[in-house]
Amino acid sequence: MPIYAYRCDECGFAKDVLQKISDPVLTMCPSCGKSSFKKQVTAAGFQLKGTGWYVTDFRGGSTPATGTAPAASSDGAASAPAAPAAPAPAAAPAKDTSST
């Protein structure tokens, strides 16, 4: 059964109530007796764990590129393109260490 948070608009009294989904909404405040007891909107208090859920299905890989361009500078001028990277130097040949 879910736990619903209630709060009175008149006196500010707050209470968490364990109710069935089919139970009627409470309207009478147990503290002041006025009919201003309202159900609050709260965040879900559970996490989906284990295999088969989205959070575990795509974990561990690299994140895909978003494809968005970087923001332009504040003066409105376009930034210059980046210079190409210099080629890496060739690897030196391995020494022959055999004694033949």
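All of the numbers you see were taken from the coordinates with simple rules; none came from a lab. Here the structure is a predicted model, which means the values were calculated and not measured. Cβ coordinates were reconstructed from backbone atoms using ideal geometry, including for glycine residues, and neighbour counts include every protein chain displayed.
Pairs are defined by a Cβ separation below 7 Å, a sequence spacing of at least 6 or placement on different chains, a first member in region 20-33 that is without any contact (Cβ under 8 Å) to a residue 12 or more places away in the chain, and a second member that is of a type in the set (A, V, I, L, M, F, W, C); the pairs so defined are THR27/PHE37; MET28/PHE37. In region 35-47, the residues that are surrounded by 10 or more Cβ atoms within 10 Å (Cβ to Cβ) form Cβ pairs under 6 Å with partners that are of a type in the set (S, T, N, Q), at six or more places apart or across chains, as follows: SER35/THR27; PHE37/THR27.
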